[in-house]
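Student: This structure is in structure tokens; I'll ask about it shortly.
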Amino acid sequence: MKELEKTKRISIASTLFILIILIAVLSYKRPKHLYKANSKITLEKMISNDYFVSLDEINNPDYVLIDVRSQFEFEKGHLENALNIYAPEILSDDNTAVFEELKEKNKTAILYGKNPNDVNAPFMLLYQLGYDNLKILTVENSYNENKLITKNTEIEKSVADVNAFIAESIKKASINSDKEVVVKKVVKKVITVKKKKKAPAEGGC
Amino acid sequence: MVKKKTAKFLAFRYKILALIFVILAGGLVLLPKYEKHEGIKSEELLSNIISPERYISTDKLAHKLINQDPSYLLIDVRDEESYTKYTLPNAVNIPLAKLLDEDFEMFLNQKQYNVVLFSNDNFYADQAWVLCNRLGYKNLNVLKGGINQWYKTIINPEKPLENMPAEAFELYTFRKAASMYFGVAYPEQYKTATVAKKEPAKKVITVKKKKKAPAEGGC
């Protein structure tokens with residue numbers, strides 16, 4: 001009798017043990033998308049700036065255009081032979097299958113959106129997930145009378161020299177005023193101090 | 001003979017099993033950290049990327065700068081040359097190439113400040129933001145449109161047309177005042193000399209008062 005109880009206890013304990021392990025194994029979720037490039041490698045790629053394609057280069061048989069705008073925008077107008085993969089859905093199974101297929105066929109996916117900023121972040125995400133056959137089309141899309149107009153743009157081009165503009169404005173302003181202002185122009189940052197000097201002078205007399 | 005040997009072996013079976021487990025456990029400890037999987041999950045990163053929450057407008061930033069909000073830290077991710085040429089007031093320069101340097105981690109991975117990343121447009125700033133977001137850094141923002149937008153809206157604001165709503169005029173007045181704060185001069189500033197005096201004087205009000213007082217006393 002004693003013997004029987006002992007084996008019972010042991011078998012209960014062992015089944016429990018096995019159950020716990022089974023549950024643990026089953027509940028472990030392997031992340032669906034694993035990073036294949038760490039931050040350092042990604043940063044190096046980003047600095048290299050070799051992932052841009054301009055509009056005149058897209059007639060390459062190895063290039064496949066991918067439009068990351070919404071379906072609505074895509075149907076309104078898109079580049080010829082482009083596929084539509086809306087950016088927020090870029091990690092769905094169907095869409096990653098598309099990228100996987102392109103990679104296998106050694107084709108390059110050319111991403112474009114409203115402007116390069118639009119595709120920048122999706123591009124980076126896909127790159128970090130190991131899709132290194134991607135490029136960004138440096139275009140800006142706009143509509144004129146419901147017709148899509150695609151123009152080349154330059155990434156991060158500085159539109160104006162702000163310092164020069166400020167200096168110019170001070171110069172222009174000083175033409176209409178007295179000599180004192182000319183001095184002001186030179187010491188642009190300390191304007192406040194100068195003005196204070198002027199104020200008591202006016203008030204005093 | 002063979003039977004004897006197996007019997008001998010079986011006598012140790014538990015010890016052998018235990019030994020295998022110990023060795024495996026030791027191996028797990030020594031396993032190198034799998035670096036490529038650093039950071040947040042890719043699905044989470046995607047949802048962060050898609051949300052426009054990270055953007056701060058130039059108007060809001062100008063407002064914060066004029067009020068000298070101490071919780072804002074500006075980081076210029078352009079190269080050094082552009083940084084020395086022109087940058088926003090009190091910005092720190094962290095070129096994109098050096099973003100992951102250990103020296104700069106204290107600027108990016110912290111909790112006290114609202115960090116605003118900017119570049120000429122928001123392309124490079126976004127890239128810096130995505131990299132930092134993957135590493136789980138919080139409190140990071142991107143200046144929408146970067147310095148170009150800053151120039152267009154704050155430094156050189158466009159005058160609204162007559163038929164535009166009143167808000168456009170209010171916005172223009174704010175932007176113009178802001179541009180004066182950041183050093184731009186207007187011709188009428190010198191003629192009337194009222195608007196201009198008020199604006200830059202904000203910073204050093206105390207000094208102004210001191211000087212005024214003796215002048216009054218003199219008369």
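The values are calculated or read from the model by the stated rules, or taken from the named source; none is laboratory data. The structure presented is a predicted model; accordingly, all values stated were derived computationally and were not measured. Every residue, glycine as well, gets a Cβ built from its backbone with ideal geometry; the counts of neighbours run over all protein chains shown.
Student: If the Cβ limit is 7 Å and pairs must be 6+ apart or interchain, which residue in region B:1-16 that is touching a residue at least 40 places away in the same chain (Cβ under 8 Å) pairs with which residue that is loosely packed, with under 10 Cβ neighbours inside 10 Å and aliphatic (A, V, I, L, M)?
Tutor: Here the result reads none, with nothing in region B:1-16 linked to a residue that is loosely packed, with under 10 Cβ neighbours inside 10 Å and aliphatic (A, V, I, L, M).
Student: What's the number of the only condition in (1) among the hydrophobic types (A, V, I, L, M, F, W, C); (2) under 14 Å from the mean Cα position of the chain (by Cα); (3) surrounded by fewer than 15 Cβ atoms within 10 Å (Cβ to Cβ) that B:Ala97 fails to meet?
Tutor: (2)
Student: Within region A:77-91, how many residues are farther than 20 Å from B:Glu43 by Cα and assigned to a loop (DSSP other than H, G, I, E, B)?
Tutor: 6
Student: Out of A:Ile66, A:Ile58, A:Ile47, I need the residue that is within 26 Å of B:Pro52 (Cβ to Cβ) and touching a strand residue (DSSP E or B) at 6+ places or on another chain (Cβ under 9 Å). Which one?
Tutor: A:Ile66 is the lone residue from the list that is within 26 Å of B:Pro52 (Cβ to Cβ) and touching a strand residue (DSSP E or B) at 6+ places or on another chain (Cβ under 9 Å).
Student: Of the residues that make up region A:93-109, is at least one of a type in the set (D, E, K, R), within 28 Å of the chain's Cα centre (by Cα) and under 30 Å from A:Tyr143 (Cβ atoms)?
Tutor: yes
Student: Within region A:108-118, is even one residue surrounded by fewer than 21 Cβ atoms within 10 Å (Cβ to Cβ) and of a type in the set (Phe, Trp, Tyr)?
Tutor: Checking region A:108-118: not a single residue is surrounded by fewer than 21 Cβ atoms within 10 Å (Cβ to Cβ) and of a type in the set (Phe, Trp, Tyr).
Student: Report yes if A:Leu126 is at pLDDT 90 or above, aliphatic (A, V, I, L, M), under 17 Å from the mean Cα position of the chain (by Cα) and not in a helix (DSSP H, G or I), otherwise no.
Tutor: Taking the combined requirement at face value, the residue does not satisfy it.
Student: Go through region A:135-179 and give me each residue that's surrounded by 15 or more Cβ atoms within 10 Å (Cβ to Cβ), touching a residue at least 12 places away in the same chain (Cβ under 8 Å) and among the hydrophobic types (A, V, I, L, M, F, W, C).
Tutor: A:Ile136, A:Leu137, A:Val139, A:Ile155, A:Ile166, A:Ala167, A:Ile170, listed by residue number.
Student: Moving on to the next point. Take region B:35-74 and flag every residue that is within 14 Å of chain A (Cβ to nearest Cβ), over 21 Å from A:Pro122 (Cβ atoms) and in contact with a Leu (Cβ under 9 Å, 6 or more places away or on another chain).
Tutor: B:Thr58
Student: Please state which of the following conditions B:Thr153 fails to meet, knowing it meets all the rest: (1) under 15 Å from B:His63 (Cα atoms); (2) surrounded by fewer than 18 Cβ atoms within 10 Å (Cβ to Cβ); (3) in contact with a helix residue (DSSP H, G or I) (Cβ under 8 Å, 6 or more places away or on another chain).
Tutor: (2) is the only condition that B:Thr153 fails.
Student: Please find, among B:Asn109, B:Asn93, B:Asn120, B:Asn148, the residue that is of a type in the set (S, T, N, Q) and without any contact (Cβ under 8 Å) to a residue 24 or more places away in the chain.
Tutor: Just a single option satisfies the conditions, and that option is B:Asn93.
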